[in-house]
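Okay, so here's the structure we're looking at.
The values are calculated or read from the model by the stated rules, or taken from the named source; none is laboratory data. Model, not experiment: these values are computed from the prediction. Reconstructed Cβ throughout: ideal geometry from the backbone, glycine too, with neighbour counts over all protein chains shown.
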Amino acid sequence: MITIGDVIRDREPYYVRDTATALDAAEYMMSRNIGAVCVLNEDGKLSGIFSERDLLRRIVLKGKTASDVPIRDVMSQIEVVIDCSDTPHDALERMEKYSTRHLPVVRGERWVGMLSIRDIMRVELSERGDELRLLHEYMQM
């Protein structure tokens, strides 16, 4: 069975420090083509998430200047995380329950990365492709 650890293996863990500005975080996200980033404190501990939605709702629509806004003032608090040993199905259930498209990934108490709904869809498509191949091979017998 595939785990979340398998899904994010060999991936750079994207993050910004909580001393960054909202503009720093937005530029970081744009340069990596990601929709959300984890925010870590000086000890490397997870302190929040900053997403495109946060940028829109808490900065743009409020008429603020992103370069003047500390990320810690506009990041979302952590409501839920997923452990490396959990499955993509577990992640999808949590995403639905908490109405989120991103989950911070932890190994025990330590933050190790971020999972997105896009990652879950890749897993699902891969598994469906494997099933189709097996059915095709069976029919060829």
Inset, instruction - State whether one or more residues within the range 109-128 are in contact (Cβ under 8 Å) with a residue 40 or more places away in the chain, assigned to a loop (DSSP other than H, G, I, E, B) and buried (at least 19 other Cβ atoms within 10 Å of the Cβ). - result: no
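Matching residues to (1) farther than 15 Å from V105 by Cα; (2) at pLDDT below 95:
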{"position": "R9", "(1), (2)": "no, yes"}
{"position": "Y15", "(1), (2)": "no, no"}
{"position": "M30", "(1), (2)": "yes, no"}
{"position": "S47", "(1), (2)": "no, no"}
Legend entry - Boolean, V39 is touching a Gly at 6+ places or on another chain (Cβ under 7 Å) and assigned to a strand (DSSP E or B): yes
Legend entry - Matching entry among V74, V80 (being within 13 Å of V37 (Cα to Cα) and not aromatic (F, W, Y)): V74
Legend entry - Of the criteria (1) within 13 Å of the chain's Cα centre (by Cα); (2) surrounded by fewer than 19 Cβ atoms within 10 Å (Cβ to Cβ); (3) at pLDDT 95 or above, which one R101 fails: (3)
Legend entry - Those residues of the range 47-79 which are in a loop (DSSP other than H, G, I, E, B), surrounded by fewer than 18 Cβ atoms within 10 Å (Cβ to Cβ) and either charged (D, E, K, R) or in contact with a strand residue (DSSP E or B) (Cβ under 9 Å, 6 or more places away or on another chain) (or both), in sequence order: K62, K64, Q77, I78, E79
Inset, instruction - Identify the single condition in (1) under 21 Å from S67 (Cβ atoms); (2) within 15 Å of the chain's Cα centre (by Cα) that A20 does not satisfy, given that it satisfies every other one. - result: (2)
